[in-house]
Amino acid sequence: MTPPDVGTSKPPMRVVSGIQPTGDLHLGNLLGAILRWVRMQDEAECLFFLADLHALTVDVDPITLRANVRQMAAALIASGIDPAKSTLFAQSAVPAHPELAWILMCTARMGWLNRMTQFKDKSGKNRESSSVGLFTYPVLQAADVLVYRATHVPVGEDQKQHIELARDIAIKFNNDFDTKLFVAPEPFIGGGTAARVMSLRDGSTKMSKSDPSEQSRINLTDSDDAIAQKIRKAKTDPEPLPDDPALLDGRPEAKNLVGLLGALLDESVGQVLARFSGQGFGAFKPALADAVIATVSPIRARLEDLRRDEPTIDAFLARGADRARDLAAPTLAAVYSAVGLSH
């Protein structure tokens, strides 16, 4: 029986996004993506996945990877992702992702992948010894989105190339096989503004778990005392805060901390400066520490409870995987039919 052309009806607004399970989340993850995901749940149908297949592009310890999937799921739920509202699952639990990725690799062009800047950044001088997966993972990213016929994908500045690649692959596949099967996804601008949180030790680099200094980031598992200490020791400059946001240009650490407080309090940089202009960081940092603690403390408490209840996390992920497999199956069946394969 030939599967129906799932592209014949206009899909509902559906948002798909994933995050690699690399251990504990930090404040940059929370303000840069996760809280935006939380707000998206009330604006669209959302699927959020733990990208454990993408984690295999570099050396990984199997036991650590399994643990990180569960830990990341707990952190997302603690931060506000509601499994009753959204579909939350592990990528590897839905075989349609890698199955579709192989077919799309036969659609994508080498020239397209050669232009992807993230491979150059991640491989560095070790290009020849990098895994093939590290080179082709943008095609798996495209499959992650296209298999659910996602209409929108939330992306940051560093991911715009990936959404363009997914669009190129979708359009080429449709043209090659004379179908309207795939939706060319659009960047999603809903969910409010995501904050770009920089390192507490270097205002020119993003807050990252890969930074060897624990003082560079605030983890969602940090105690209130640890948060206060990290904020107190955060790098600054000796100048007082200005009254004009433009005067923060050239002061990356000051700009980062002011922007961080604004993001936490849902205020503009101008509003923050209106309260602190002319003052030094001795007055500013305690207010910032209080705001960070007020945000992180309840998340940490929920996370601790969830970590003690692994069966509940596993049940949430299993239920989400069932739902994701059901959503992906018609698309994959239609792809097999379009290219002349049996399924």
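Coordinate-derived values only; no laboratory data. In this text, all values refer to a predicted model and were calculated from it rather than measured experimentally.
The DSSP beta bridges internal to the chain are antiparallel in roughly 15% of cases. As a length-normalised measure over Cα pairs under 8 Å and 6 or more apart, the relative contact order of region 214-305 settles at 37 percent. Volume of the convex hull of the chain (Cα atoms only), normalised per residue: 150 Å³. Here's how it looks for Val153: its modeled amide H is under 5 Å from those of Glu186, Phe188, which are all 5 or more places away or on a different chain. Ellipticity at 222 nm from helices only: DSSP H runs of n ≥ 4 in the chain, each -39500 (n - 2.57), divided by the residue count, give -15500 deg cm²/dmol.
Calculated translational diffusion coefficient of region 214-305 (25 °C, 0.890 mPa s; Stokes-Einstein with Kirkwood radius over alpha-carbon pairs) equals 180 µm²/s.
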